[in-house]
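No value in this document is a laboratory result; all are computed from the given coordinates. As the structure is a prediction and not an experimental result, all values here were calculated from the model. Counting neighbours? That spans all protein chains shown, and the Cβs are built from the backbone with ideal geometry, glycine included.
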Amino acid sequence: MKRGWIEGLRKWIDGEEELDEQGQPSPRSKWDDFLVSLAREVEACMQQEMFTPPGGPTYIPREYMIFLNPEDDAQWQGEKREGLERGLRHVLEERARELAGDNQFQTRTLTLELRVDAALERGRFRVQHTWDSETEKTMVKPRKRAVTPAASEETDDEATIVRPRKGGEPLFSISARRTGQEGAAEVISFYKDEISIGRGSRQVAVDLKLDADMEVSRKHATLIRREGAFTIQCHGANPIVIEGSREIPAGESAEVHPGEKIVVCSYELVIEQPSGAVVGE
């Protein structure tokens with residue numbers, strides 16, 4: 001049964017029609033068509049990146065992130081999502097071995113993960129691959145705490161641990177969540193006037209770490225507090241968007257107010273003033 005399903009999917013990817021007992025094309029559901037479209041897109045990425053050095057095995061990227069429109073993503077949750085990711089992985093591993101032909105296949109396993117991109121239209125998606133599977137550069141498997149202060153996660157000897165000021169009151173907090181993430185946003189408090197935001201790495205320590213999104217630069221932004229007002233500077237390759245309309249490209253900065261939504265790739269951040277704080281204090 002499993003082999004029959006895989007074979008049917010392989011034919012669909014190749015553009016062949018699956019025929020019923022009467023020799024007529026078998027009907028396909030919209031989910032079948034969606035899965036085939038995803039598989040074709042990942043395979044195209046795989047073929048483009050595949051290479052075989054002289055006398056060596058065939059290599060392909062081992063990690064693929066598939067970005068969906070939020071409405072499409074909402075249709076693939078729970079076990080349904082797990083089944084889609086598992087089915088795609090199994091089929092594409094078979095396809096990769098076929099493409100390698102007689103050459104030894106170096107990449108043993110593939111990892112595929114569905115993500116959300118609010119900029120995509122309904123029914124559209126895109127695939128992003130990565131060759132580098134080091135933990136500090138991408139976290140394909142979501143962690144229990146997706147956003148954490150660098151002080152609690154960074155293990156590098158050069159990392160700076162920011163300790164609370166005397167009195168214990170934070171200067172401000174940031175609520176952070178991934179687009180499409182269920183549950184309440186995580187609120188992180190800060191005790192200094194300037195913080196760095198980004199994906200971070202062992203070589204690049206940041207105060208607010210945004211894991212598992214390769215579109216977030218290692219140091220993507222700096223948030224500066226001066227007399228109760230905030231300015232955000234963009235250092236990342238991808239722009240920052242404030243309140244869905246103000247786009248801040250790399251090298252530029254803008255004023256941002258508590259309560260405004262700051263979008264850094266797949267993350268939504270909101271500055272929260274401590275109770276009793278007054279702008280221009």
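Before moving on, here are some points about what is shown:
- Note on ARG226 and HIS129: their simple-model spin labels are 4.6 nm apart, each label 7 Å out from Cα toward Cβ.
- For the pair GLU49 and ALA237, the difference between a 0.36 nm per residue extended length and the Cα-Cα distance amounts to 65.5 nm.
- Residue order for TYR59, TYR64, fewest other beta carbons within 10 angstrom first, comes to TYR59, TYR64.
- Each label point was placed 7 Å from the Cα along the Cα-to-Cβ direction; for ALA119 and ALA184 their separation is 3.2 nm.
- Local net charge near LYS219, Cβ-Cβ under 12 Å (Lys/Arg +1, Asp/Glu -1): +2
- Within the shell defined by Cβ-Cβ distances under 11 Å, the residues around GLY259 carry a net charge of -2, with Lys and Arg each +1 and Asp and Glu each -1.
- Global form of segment 205-281, assessed from the alpha-carbon gyration tensor, a/c cut-off 1.5: prolate
- For ASP213, the residues whose modelled amide H falls within less than 5 Å of its own, excluding neighbours fewer than 5 places apart on the same chain, are MET139.
- Placing dummy labels 7 Å off each Cα toward the beta-carbon, the span from LYS30 to ALA74 is 1.3 nm.
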